[in-house]
1. For the structure I just gave you, tell me whether residue A:231 is modelled with pLDDT under 95, assigned by TED's automatic domain parsing to the domain that holds residue A:150 and surrounded by fewer than 24 Cβ atoms within 10 Å (Cβ to Cβ).
2. Which condition number does residue B:196 fail, the rest of (1) more than 22 Å from residue A:279 (Cα to Cα); (2) in a helix (DSSP H, G or I) being met?
3. When residue A:176 is evaluated against the numbered criteria (1) surrounded by fewer than 16 Cβ atoms within 10 Å (Cβ to Cβ); (2) modelled with pLDDT under 95, which criterion, by number, is the only one it fails?
4. Under the condition of being surrounded by fewer than 24 Cβ atoms within 10 Å (Cβ to Cβ) and not aliphatic (A, V, I, L, M), which residue from segment B:185-198 is farthest from residue B:141 (Cα to Cα)?
5. Just for segment A:25-65: of the residues that are more than 13 Å from chain C (Cβ to nearest Cβ), assigned to a loop (DSSP other than H, G, I, E, B) and under 25 Å from the mean Cα position of the chain (by Cα), which one is farthest from residue A:12 (Cα to Cα)?
6. Quick one: which of A:195, A:166, A:202, A:186 is away from chain C (no Cβ under 14 Å), charged (D, E, K, R) and touching a strand residue (DSSP E or B) at 6+ places or on another chain (Cβ under 9 Å)?
7. How about segment A:94-109: which of its residues are of a type in the set (D, E, K, R) and under 14 Å from residue A:8 (Cα atoms)?
8. Can you report the number of residues in segment C:233-247 which are touching a strand residue (DSSP E or B) at 6+ places or on another chain (Cβ under 7 Å) and either more than 7 Å from every other protein chain (Cβ to nearest Cβ) or not in a strand (DSSP E or B) (or both)?
Number of protein chains: 4
Amino acid sequence: MAKKDLRIGLVGVGFMGRTHTNGYKRVSDFFPDLQTRPVLKAVCSRTAATVNAFAEQWGYETVETDWKALIARNDIDAVDICTPNNMHAEIAIAAAEAGKMILCEKPLSRTLEEGRQMVAAIEKAGVNNTVWYNYRRLPAVTLAKQIVDSGKLGRIFHYRANFLQDWTINANVPQGGQGTWRLDVDAAGSGVTGDLLAHCIDTAIWLNGSITDVSAVTETFIKERVHQATGAMQKVGIDDACIFHCHFDNGSLGLFESTRYARGHKALYTFEINGEHASMRWDLHDLNKLEYFDHRDESIVRGWRTIHVTDGDQPYMDKWWVPGLSIGYEHSFVHQVADFLKSLETGEPCSPTFKEALETQRVCEAVLDSAAARSWKNINAY
Amino acid sequence: MAKKDLRIGLVGVGFMGRTHTNGYKRVSDFFPDLQTRPVLKAVCSRTAATVNAFAEQWGYETVETDWKALIARNDIDAVDICTPNNMHAEIAIAAAEAGKMILCEKPLSRTLEEGRQMVAAIEKAGVNNTVWYNYRRLPAVTLAKQIVDSGKLGRIFHYRANFLQDWTINANVPQGGQGTWRLDVDAAGSGVTGDLLAHCIDTAIWLNGSITDVSAVTETFIKERVHQATGAMQKVGIDDACIFHCHFDNGSLGLFESTRYARGHKALYTFEINGEHASMRWDLHDLNKLEYFDHRDESIVRGWRTIHVTDGDQPYMDKWWVPGLSIGYEHSFVHQVADFLKSLETGEPCSPTFKEALETQRVCEAVLDSAAARSWKNINAY
Amino acid sequence: MAKKDLRIGLVGVGFMGRTHTNGYKRVSDFFPDLQTRPVLKAVCSRTAATVNAFAEQWGYETVETDWKALIARNDIDAVDICTPNNMHAEIAIAAAEAGKMILCEKPLSRTLEEGRQMVAAIEKAGVNNTVWYNYRRLPAVTLAKQIVDSGKLGRIFHYRANFLQDWTINANVPQGGQGTWRLDVDAAGSGVTGDLLAHCIDTAIWLNGSITDVSAVTETFIKERVHQATGAMQKVGIDDACIFHCHFDNGSLGLFESTRYARGHKALYTFEINGEHASMRWDLHDLNKLEYFDHRDESIVRGWRTIHVTDGDQPYMDKWWVPGLSIGYEHSFVHQVADFLKSLETGEPCSPTFKEALETQRVCEAVLDSAAARSWKNINAY
Amino acid sequence: MAKKDLRIGLVGVGFMGRTHTNGYKRVSDFFPDLQTRPVLKAVCSRTAATVNAFAEQWGYETVETDWKALIARNDIDAVDICTPNNMHAEIAIAAAEAGKMILCEKPLSRTLEEGRQMVAAIEKAGVNNTVWYNYRRLPAVTLAKQIVDSGKLGRIFHYRANFLQDWTINANVPQGGQGTWRLDVDAAGSGVTGDLLAHCIDTAIWLNGSITDVSAVTETFIKERVHQATGAMQKVGIDDACIFHCHFDNGSLGLFESTRYARGHKALYTFEINGEHASMRWDLHDLNKLEYFDHRDESIVRGWRTIHVTDGDQPYMDKWWVPGLSIGYEHSFVHQVADFLKSLETGEPCSPTFKEALETQRVCEAVLDSAAARSWKNINAY
């Protein structure tokens, strides 16, 4: 039985352009039961040489240098947005209006207001959509969700997460342009809050429910950096670090921290959840493992269990190799493609949708406001 | 050459009474160069049977059931206060007025005001004094201090610490009385803030300098518990959990968390400090190790180093066994006794003194106020 | 500039058929500078339905059910042998005689004699060849080789490795047939020795040079299992476990162990090498990390370093994501494809060649003989 | 009720003299229910200044410089032998003939023949005795024994242990004399076999039963060292490294390795036992933890458990602090003293007795013979 094609139009050829494309190219090999297969129909980037090279390397059939032209094409079913954050809203809204499905890289938007407009456009258009909060789909993280849903943890007391990096400690790292637009507030909207904490918040809400209020602090350790567009030193507008504590709707306390100034940590995303009966913790640097503690174990042999999530009865792992053999970061994107394709068959949304991702934007906005105002902010006000 | 005696009068026979006594009994065996030796002259507790049994087990020469009688004795050189927190101030002030040296269990006091009175009394009396923030003197922690002082870390960006326990999750744990006075706000002053975060704050100030402002949240998860004194359910007045972020005077951000509701963690005190060039982290559950990352290492072989702090050139370890052989929690108290005795010889204070420990009280008070007021508090105001 | 095609004919559609195919399909995406690209021209397996399904899923252009027919085709440049071990020799020799390049799954052969015939055929034909000892090409393992070659370790004293699994503890696991031919001595030649220790030996020789003599013990814990071909209980002919110690030519001692009866270990391949100045160890369950200890580090901060091998200046990692983001097991095969394609450009062999892999066969044969004879065996006699 | 005195006469004032003395001095503080208390009656060493200083530091009442004089005294109940190994037999036999209880440091003897004479003397005299294989009495190791005895593991397949050090890599380390007599074959009898593997073998037999045959290899990496007694370079007679595999009587395979040339390992004693249902492993560098894997756990949350052995229901830990607070190496000796004193009350032997420790000597002798002969040795022949 022939598979149905889903013709992809990718906008943006940076790091995320590569991870998404790899997801599309691998999904049919490893998820053979899917009835839909992605087709790399077109890729778009402003510079012809760049986009041509990308298309050549990855096998896109055609190229565009204007995203509006890409959206206007009739042979594109789904638009995948991998641009810097400042382009998300405009492209997504236009794509929705054109009736395209949309897969948007996280964070949804620079601001809550942009995000609201995007959700409105999506809902009006009624198109399939998802936001690439890919870490949900690492098997150990998905397993954590299954354990939460099983009720094994009991009443939750604490949730904590951090995302620590160290790549901007060097004052010579510029802002703006390829690779470093994440340091340019106009392009990124915010610093670690939108880039890294957004991941932590998305997972947290998924695992532990709504956040109700936040109290935050941010810091910009290096105040000026050269901007690649101008070649001049300019004030740095992003947050280099952000910490906040919060309440969840279930009564638990939350604690979040992110920075790009934690020497020794390349991409250390960790979370931990403490329940009455059991706790779990996870770490992106050892991503195939989930640690689990169950107080109901016999007392003399009770301890934190290191679950090596590579067995066929654990999430997604029946698709890959054999027990004990690890997969990597990139597989989270393959899984999100698979789940998106599956959602087209079932009619169920592919979480997080734009609407669900807006919840993370609300928290991010409240966090940045809280830091600026040095006061608690209630999420209901957002 | 005969050693000089330091005649100890211990007040309190609980957990800390045991750890301190063990410190006094072992110090001469392992620190033979000290010119002073502790003598277990007297121990005091209200109940005769209890104090007699303790004296018998540990070898105290005499007993008292009234601490005022102990202080009045001429054959006591130093008073060691191991009572619940609500007795610290009164005993310390009386002991100072009696000209006794004082070794006071942490936290210094229930409140900042009590602490100020204690410091005033000590300074007026001019007696030797120290507060048992014992974790400073675990070899790995002392090594961390040496590394900070060496300048290896460079500019500091982040300091974070937590102290996680799980022993009060059971609602049947009572408040008040032996072993559980830490849940009774009258006896303890506060919950995890004074009991656990005080340790974290003391280490932090020692390693990273002054804290300038704080923003905190506290929570009491179980609102009522039986009080052992009355047998009745009573409102719980302590903080079960406390989180705060802060600025340090050196411009770094701080993050602190403590709880007794983190299932799976028995006594997990951890800290981490991130500098421009190097970072360190430590964990009480594996207390002989210090983790260290130095960015100046050759890039392809750069990584977190696990330093097993058991060599003779590492702090205190020339006194114990041979490389690779671990010591434990209790040794921190032996080291503090050794350093106190040494301070009598050198005339240098034995840190933290009452005055230094008051700095921790200022932060604790600001933290509790911040949580109550849901606002930032400036430490200068305390 | 158009790439040159390398038309692959794959024989065997099991686990290794999948890993190799994935290697071919991904290499051009991630190694864009290669001038040759694999083309999935044909796949062969005895059962038409099976091979058709595999071709459909993975995108092979054509199928064969007779490997001789595959070898006879003019549109195949390279034959990849992924069959059970008992077919390796016959297919490889025929393919060599047909002038095909050969990529053969490890172990090279069931017996040393078979291996010798294969090497003779390859050398007579002068065709490019390689054996899939894929673990060499995990970045952390390749980094270990670079460190050895740098001379950082000094004189070597010890090499130890083990490969522990637990999947055959259940007596109901059958022998013979799909998935369990590894328990059938006719199909596999040996048990853990050829399947698992062969990996350990290959890495060891690569990192530490020749093995000169061995003393081994083997065990078959479960003596009879149902054979899938006959449905009857049959004597188990393979080794369930094998341990040996040995001397290396450089004077160091070696220690090797493998078993499928180590409860709790799914695929725990570890090695460690101890030199005069430095040591290293590695573990397949945390495959992106290499542990390194250098005695020349300053003594008070000396310790085992955990190197997270994900930076662009570490082997292969410039091809993948960004620092801190892990890759997995399967990437070792992509790397071997890349290195094989590169070898076609440079004219250098792609290690291990058949001839190099024969060295591992010599050790395996001596190990099995030593265990049978309960005596040391000198590798020179093989 | 007054305790009964056990008057100790210690022979030897080196490292073990310190650990044993500390055991005697602490036991009554922490094991208050014992009806017997050790009294430090006399200590003996050949050099008056040395023994006087030791007695002064540790509080021995009297000194001797001739061990025969010590044994002749009527005020000594028990003789503790902490000399180099070459004195064990003569002192133990004389002490037994004098009717003294004997506590002998491990290994029991240099040779099996010496050991046999010691056991004969002990049995003839009928005196209480024990050998200081202290690691049995670290709580995590004792817990491992309880788990074995519970039957949780099922049929055992594998036992492996190693003891890795690196302190003799430097060729300037001399042999003979204080601290380095362990490198002098006349004083020590053997190298790592008697010093380190003896510990591993003792634990192994205790946990897994008798060893039936062995195949070993030894190596002396540095062939000549200065002897402290002569100042001259002399041939090194000990084994620097020893590896052996073996069968246990229960059908499992054993694997043992020890060396003093494993750069980066100070005193890394580890063992692991793999059973049909469950496995355990332990590591002296993190001595308060035991790792445990139970295959009967629910599959999706199954993993290695890290048991932090610090709770009151775990072996010995009701005597110490509170959950989460670690003890150290030295506590194993306190526990052995406690168990010896208890054995005096119950009349049960304090394992390992001389007779039990002789079993370890049989294995050591067979191991050394096997290495010399390059052949398997059957323990029954010893």
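1. Details: modelled with pLDDT under 95: yes; assigned by TED's automatic domain parsing to the domain that holds residue A:150: yes; surrounded by fewer than 24 Cβ atoms within 10 Å (Cβ to Cβ): yes.
Considered against the rule, which asks whether it is modelled with pLDDT under 95, assigned by TED's automatic domain parsing to the domain that holds residue A:150 and surrounded by fewer than 24 Cβ atoms within 10 Å (Cβ to Cβ), residue A:231 comes out as yes.
2. (1)
3. Condition (1) is where residue A:176 drops out.
4. Filtering first and then ranking leaves B:186.
5. If we filter segment A:25-65 for residues that are more than 13 Å from chain C (Cβ to nearest Cβ), which is where we start, we get A:35-36, A:38-39, A:41-51, A:61-65.
Add one more test, that the residue is assigned to a loop (DSSP other than H, G, I, E, B), and what stays is A:35, A:45-47, A:61, A:65.
When the remaining residues are screened for being under 25 Å from the mean Cα position of the chain (by Cα), the result is A:45-46.
Numbers: A:45: 5, A:46: 9 Å.
Across segment A:25-65, the extreme among qualifying residues is A:46.
6. From the options A:195, A:166, A:202, A:186, the qualifying one is A:202.
7. Let us first name the residues in segment A:94-109 that are of a type in the set (D, E, K, R), namely A:97, A:100, A:105-106.
Hit for segment A:94-109 is A:100, nothing else.
8. So the first thing to find is which residues in segment C:233-247 are touching a strand residue (DSSP E or B) at 6+ places or on another chain (Cβ under 7 Å), and the list is C:233-236, C:239-247.
Adding the requirement that they be either more than 7 Å from every other protein chain (Cβ to nearest Cβ) or not in a strand (DSSP E or B) (or both) leaves C:233-236, C:239-240, C:242, C:244, C:246-247.
So the count comes out to 10.
The values are calculated or read from the model by the stated rules, or taken from the named source; none is laboratory data. The shown structure was predicted, so the numbers you read here are calculated from the model rather than taken from an experiment. Ideal geometry is used to build each Cβ from the backbone, glycine not excepted, and the neighbour counts take in all protein chains shown.
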